[in-house]
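Q: This is the structure, below, for whatever I ask next.
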Amino acid sequence: MSNTIAIDGIEVSTDHFINGERVPSAERFEDRSPIDGHLIGHIAAGLPEHCDAAIEAARAAFPAWAALGPEKRREHLHRFAAELKAWGDKLARVECEDNGMLFARLKGHQIERCAHNIAFFADEAMKLVDHTIEGRNAKHRLQFDPAGVCVLITPWNSPMMLTTWKLGPALAAGNTVIVKPPEWAPLTCSMLADVAAAAGLPPGVINVVQGIGATTGATLVADPRIARVSFTGSVPTAKSIAQSTGRNLVPASFELGGKSAFVVLDDADLDLAASTAALQYRNAGQVCLAGTRLLVDGRVADDFVARMKKVVASLNVGDPRQPSTEIGPIIHPRQFDKVAGFVDRARESGATILWGGAKHEAGDLYYQPTLVTDVGESDEVVQNEIFGPVLVLQTFDGDAEAVRLANSTRFGLAGVVFGSEQRAVDVARQVRTGMVWVNSFFLRDLEAPFGGVGDSGIGREGGQWSFEFFCDIKDVMLPQKPYAPVFAGR
Ligand code: NAD
């Protein structure tokens, strides 16, 4: 029988899910809710034998799943997406309790997106069939073969959404998978296995091995039997994974952190820019894409800051289960201390805290939305990802300096530029980053490429880019003209 915990009456298994069955572990780790720090339960810690069993289960399930072909897999995956929507309320409640994301946002947006992550790629995989290139010498019939067993590793800030975003293309391509959920928010990934089983996905196609990254995660990614690692998380972890996968020449994709620029030119719509800047505090700033460096033209900086201050003052920080809450808690005391430490050290070294800068009265893990200014370009608060509700403000003089400052960190995940359209597009095109929004933020389409440059990652997710990663692409060539073997030149 599976070990379970109950959240709001919803039963969630705290065990692994291997070959369609729940598997307990002799070792377990604590899972606490960021809402008030209460203990949710103890989760199975993945030991080497669990990793081995999951890899073998995924290997055994692979030939039949791969042989089904995209059309049959599409049927399975559409059932999975529909089932996920049917479980939407339960998944939203559990994710809210486990990682502190707003329940209203989960219900209003995230569940729909998770289901779309599965259904979209199921449809998109159909485009891989009959993919041909009419070359001068040969007709190339491209075949997108599934790669094999894929290990999917996600972080705690949005585990359900990020996991489904990997599951969709990995499964649609014909691979079988092992999900290694984040240890600070492991529960919805466990539920996804039940959702998939309820939708009738065959045993072994999706396996979930819970555990601590440095042990369970490290064991999985070092195994030579796996075919891919799709990782979303931090830069140090990516470097460690790259060493393991590199040893086995296993392709890995990396979606990593950011320190994205939010540029406000002097002809920007300042109200729109200011309210969008305040949105960077969403999810308590635990968003990889957030534009956390506000770069504002000095001519409009005071005006912009005054407008933003008004919006920020009206933000409701508190319990993420309440519909009126706009900013919830920080995931874990360790993350809270990291965030507070950045602000404290900036203050000590002479920076000005324009607002916030302390724990919020809502509770131990709640931090005030904070804006830091009077900083040096090389200060850690400017250069490093904080991953909390802390933004940094720098001013510039003219568009060229805006571009220089935007490009002055190791990261390059996203970016935002507000200004008159042509000027903003010109600046946007010069920002070294994977994605940049002009006069907007967070508009996403799954057919578009997603990913970063520099320390923000390697590879792209989305549309056909996901399949390029999750497939072994084979070129079957037929001669365009009558063929004759020759030893020298044509
Ligand atoms: P993390 O790197 O500590 O952990 C991420 C995952 O990796 C977890 O599941 C963890 O258990 C696992 N892990 C840790 N060590 C491992 C190892 N040695 N081998 C294998 N797996 C291991 O990151 P985090 O603190 O959970 O997440 C925050 C980071 O994720 C931030 O940097 C954030 O910007 C980034 N992020 C990026 C994106 C994106 O799409 N680019 C999206 C969300 C979050």
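The values are calculated or read from the model by the stated rules, or taken from the named source; none is laboratory data. This one's a predicted model, so the numbers in the text were calculated from it and none came from an experiment. Cβ atoms come from the backbone with ideal geometry, glycine included; neighbour counts cover every protein chain shown. The accessibility values were calculated without ligands, DNA or RNA, using every heavy atom of the protein model including side chains. Shrake-Rupley method; radii C 1.70, N 1.55, O 1.52, S 1.80 Å.
Q: Being polar (S, T, N, Q) and open to solvent by 20 Å² or more (accessible area, probe 1.4 Å) is the requirement here; does GLN143 meet it? Break it down stepwise before answering.
A: Numbers: polar (S, T, N, Q): yes; open to solvent by 20 Å² or more (accessible area, probe 1.4 Å): yes.
Yes: the conditions hold for GLN143.
Q: If you don't mind, another one. Scan the range 437-490 for residues that are on the phi > 0 side of the Ramachandran plot and either among the charged types (D, E, K, R) or touching a helix residue (DSSP H, G or I) at 6+ places or on another chain (Cβ under 7 Å) (or both) and jot them down.
A: ASN439, GLY459, GLY463
Q: While we're on this one: Can you report the number of residues in the range 235-280 which are within 29 Å of LEU167 (Cβ to Cβ) and either open to solvent by 10 Å² or more (accessible area, probe 1.4 Å) or of a type outside the set (Lys, Arg) (or both)?
A: Filtering the range 235-280 down to residues within 29 Å of LEU167 (Cβ to Cβ) leaves 235-260, 279-280.
Next, only the ones that are either open to solvent by 10 Å² or more (accessible area, probe 1.4 Å) or of a type outside the set (Lys, Arg) (or both) stay: 235-258, 260, 279-280.
So the count comes out to 27.
Q: Which one of ILE118, ILE55 is in a helix (DSSP H, G or I), touching a strand residue (DSSP E or B) at 6+ places or on another chain (Cβ under 7 Å) and open to solvent by less than 10 Å² (accessible area, probe 1.4 Å)? Please lay out each step first, then the result.
A: Numbers: ILE118 fails: touching a strand residue (DSSP E or B) at 6+ places or on another chain (Cβ under 7 Å).
Of ILE118, ILE55, the one residue that is in a helix (DSSP H, G or I), touching a strand residue (DSSP E or B) at 6+ places or on another chain (Cβ under 7 Å) and open to solvent by less than 10 Å² (accessible area, probe 1.4 Å) is ILE55.
Q: Just to check your reading of the model, which residue among THR232, THR188 is more than 9 Å from the ligand (Cβ to nearest atom), hydroxyl-bearing (Ser, Thr, Tyr) and either surrounded by 22 or more Cβ atoms within 10 Å (Cβ to Cβ) or under 17 Å from SER456 (Cβ atoms) (or both)? Please lay out each step first, then the result.
A: Working: THR232 fails: more than 9 Å from the ligand (Cβ to nearest atom).
Exactly one of THR232, THR188 is more than 9 Å from the ligand (Cβ to nearest atom), hydroxyl-bearing (Ser, Thr, Tyr) and either surrounded by 22 or more Cβ atoms within 10 Å (Cβ to Cβ) or under 17 Å from SER456 (Cβ atoms) (or both), namely THR188.
Q: Among the candidates GLU468, GLU421, single out the residue that is under 24 Å from ILE241 (Cβ atoms), of a type in the set (D, E, K, R) and more than 16 Å from the ligand (Cβ to nearest atom).
A: GLU468
Q: For the range 398-418, does any single residue satisfy the condition of being free of Cβ contacts under 8 Å to residues at least 40 places away in the same chain, in contact with a Gly (Cβ under 7 Å, 6 or more places away or on another chain) and farther than 17 Å from VAL263 by Cα?
A: no
Q: Among the residues of the range 217-229 satisfying the criterion of being within 13 Å of the ligand (Cβ to nearest atom) and in contact with a Pro (Cβ under 9 Å, 6 or more places away or on another chain), which is least open to solvent (accessible area, probe 1.4 Å)? Show your work before the answer.
A: Filtering the range 217-229 down to residues within 13 Å of the ligand (Cβ to nearest atom) leaves 217-223, 226, 229.
Adding the requirement that they be in contact with a Pro (Cβ under 9 Å, 6 or more places away or on another chain) leaves 219, 229.
Values: THR219: 53, VAL229: 0 Å².
Among those that are within 13 Å of the ligand (Cβ to nearest atom) and in contact with a Pro (Cβ under 9 Å, 6 or more places away or on another chain), it is VAL229.
Q: Looking at the range 290-306 only, could you name the residues that are farther than 21 Å from THR325 by Cα, touching a helix residue (DSSP H, G or I) at 6+ places or on another chain (Cβ under 9 Å) and either among the hydrophobic types (A, V, I, L, M, F, W, C) or open to solvent by 40 Å² or more (accessible area, probe 1.4 Å) (or both)?
A: Scanning the range 290-306 gives LEU294, LEU295, VAL296, VAL300, ASP303, PHE304, VAL305, ALA306.
Q: Let me ask another. Hey, VAL179 hits all of (1) under 19 Å from PHE469 (Cβ atoms); (2) free of Cβ contacts under 8 Å to residues at least 40 places away in the same chain; (3) surrounded by fewer than 24 Cβ atoms within 10 Å (Cβ to Cβ) but one; which does it fall short on?
A: Every condition holds for VAL179 apart from (3).
Q: Which count do you get for residues in the range 147-173 that are more than 10 Å from the ligand (Cβ to nearest atom) and surrounded by fewer than 24 Cβ atoms within 10 Å (Cβ to Cβ)?
A: The qualifying residues number 2.
Q: So, one more: Go through the range 130-140 and give me each residue that's open to solvent by 70 Å² or more (accessible area, probe 1.4 Å) and outside any strand (DSSP E or B).
A: Within the range 130-140, ASP130, ARG136, ASN137 qualify.
Q: Are there any pairs, at least 6 apart or on different chains, whose C-beta atoms fall under 6 Å, with the first in the range 432-445 and free of Cβ contacts under 8 Å to residues at least 60 places away in the same chain and under 15 Å from GLU421 (Cβ atoms) and the second in a strand (DSSP E or B) and open to solvent by less than 60 Å² (accessible area, probe 1.4 Å), and if so, which?
A: Sorted first by the residue in the range 432-445, then by its partner, the pairs are VAL436/GLY415; TRP437/VAL416; VAL438/VAL417.
Q: Quick one: would you say ILE330 is within 16 Å of the ligand (Cβ to nearest atom), aliphatic (A, V, I, L, M), under 18 Å from the mean Cα position of the chain (by Cα) and farther than 30 Å from ALA362 by Cβ? Walk me through it before giving the result.
A: Values: within 16 Å of the ligand (Cβ to nearest atom): yes; aliphatic (A, V, I, L, M): yes; under 18 Å from the mean Cα position of the chain (by Cα): yes; farther than 30 Å from ALA362 by Cβ: no.
Criteria not met by ILE330.
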